[in-house]
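Since every read-out is calculated from the coordinates, none of them should be taken as a lab result. Note that the coordinates shown come from a computational prediction; the quantities given were computed from them, not determined experimentally. Neighbour counts run over all protein chains shown; Cβ positions are idealised from the backbone, glycine included.
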Amino acid sequence: MEEIVSAHKENKSSSSSSKFIIEEWNGSSSSKLFKTATITASPYLSIQRSGSRFNHVWRRVLQAFVPEGFPSSVTPDYAPFQVWDSLQGLSTYIRTMLSTQALLSAIGVGEKSATVIGATFQWFLRDLTGMLGGILFTFYQGSDLDSNAKMWRLVADLMNDLGMLMDLLSPLFPSAFIFVVCLGSLSRSFTGVASGATRAALTQHFALQNNAADISAKEGSQETVATMIGMALGMILARITMGLPLAIWFSFLSLTVFHMYANYRAVGCLALTSLNIERSAILFQHFMETGQVLSPEQVSRMEHVLPTWITSWSSKKVKLLHANVRLGVRVSSLDHQEMKEVLLSAGSHYLKAKYLLVERKRIIDVIMHKNSTASDVLQSFIHALVMAELMQKSTSVYLESQSWMDKHYEVFLQKRCESRMALQTIAF
């Protein structure tokens, strides 16, 4: 927030004294200012504050939890996402008290037969498993977290639910205690990596005025408050349900269901403007059918936020055109006959393009040039989608797809920019 002072002088003809007035304004920009005080010197100094003291204090408190210039400094989906995200975080911290209580009981806290070295060794194995799991998850999925931030945000919290469930189950299986708690730690390690990475991607999406650091800091304040409230409620709930297994399980499962619902609503609020594989396919299919490009809000309502295997199982009747395209295929994966076809097509169809398309068993493989840019990647993917669409109707898909690209691709790009769907290098 910036303080702006304006001053002017008033001369009175009836006396030699002058009246000075200083106005104090506060705001994030010249178009978002509000008067906070008026200081008058005539001849005595007087200060008149604008608005009630409660409103002044409330604005100061609010500055600790929302970005400067809110709501104009963030995207419209910031507020609903943060509301649902705070609610799911609250339920998580309440359940953490229940699962931690069960875990400590299983380790032997409070029992005379338990040894310090035994508990320490069990806790060490639990943490070691989580660390190794985080490294492996980053190795296999790290590059996919940016392009599918909504899906991995949801998956991260589902894995956290599984981890807490393992902690709650650990006292029931004393002979397999180490295995159960290590499995739970492994699950939570996925949560830590995916949640942190997707949070960074979402923060960049929310920032409209290069204020990603401010948004991240205020999100930390919001999470701290949710943590404190959740821990307090969790302690009360743990105290009430102590020694009542049915009450513990009912509370835990009820909060887990609410947690999953709140997470689904949170990611459902997001209208990301970057293009990934699915959003590009949605834009293309709608453009091919209507000649118009959807807005980010319309695309967000059509894209799937659940993992691919769940989406494929639950929506078999939905046409997933991008499932017929494989982006970034290696040339060495082709056999000799396919390599000959690639060389022929390179000389006849793709003299100017920095990519090659190969049709194998009704799947379009995309081979990228080493100097290809993000724009080339988008063009190659749209071209592959055109081929996948035309495979159902024509036998000369190479010629017809190239003809479609020559006539319509530039129009598609222009309308995409008008709809605020931006291409980012990380999106694919």
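Within the shell defined by Cβ-Cβ distances under 13 Å, the residues around LEU356 carry a net charge of +2, with Lys and Arg each +1 and Asp and Glu each -1.
Projecting label points 7 angstrom from Cα along Cα→Cβ for ARG360 and ILE229 puts them 5.4 nm apart.
Using the Cβ of GLY130 as centre and a radius below 13 Å, the other residues enclosed give a net charge of 0, where K and R count +1 and D and E count -1. Computed packing ranks the peptides 329-337, 294-302 as 294-302, 329-337, most packed first, by mean other Cβ atoms within 10 Å. Residue pairs exceeding 31 angstrom between C-alpha atoms, taken from LYS35/LYS218; LYS361/LYS415; LYS370/LYS407; LYS370/LYS415; LYS354/LYS415; LYS150/LYS218: LYS361/LYS415.
Scattering from segment 144-190 was approximated by placing one identical point on each alpha carbon and applying the Debye formula without solvent; log10 I(q)/I(0) at 0.25, 0.28 1/Å stands at -0.79, -0.90. The modelled label-to-label distance between ASN210 and SER333, using points 7 Å beyond Cα along the C-beta direction, is 4.0 nm. Within a straight-line Cα-Cα reach of under 17 Å, LYS340 can be paired with the following aspartates and glutamates, leaving aside sequence neighbours fewer than 8 residues apart in one chain: GLU359, ASP365. Calculated over segment 198-282, the projected area of the Cα convex hull averaged across directions stands at 7.6 nm².
I want the local charge near LYS218. Using Cβ-Cβ distances under 15 Å, sum +1 for each Lys or Arg and -1 for each Asp or Glu among the other residues.
-2
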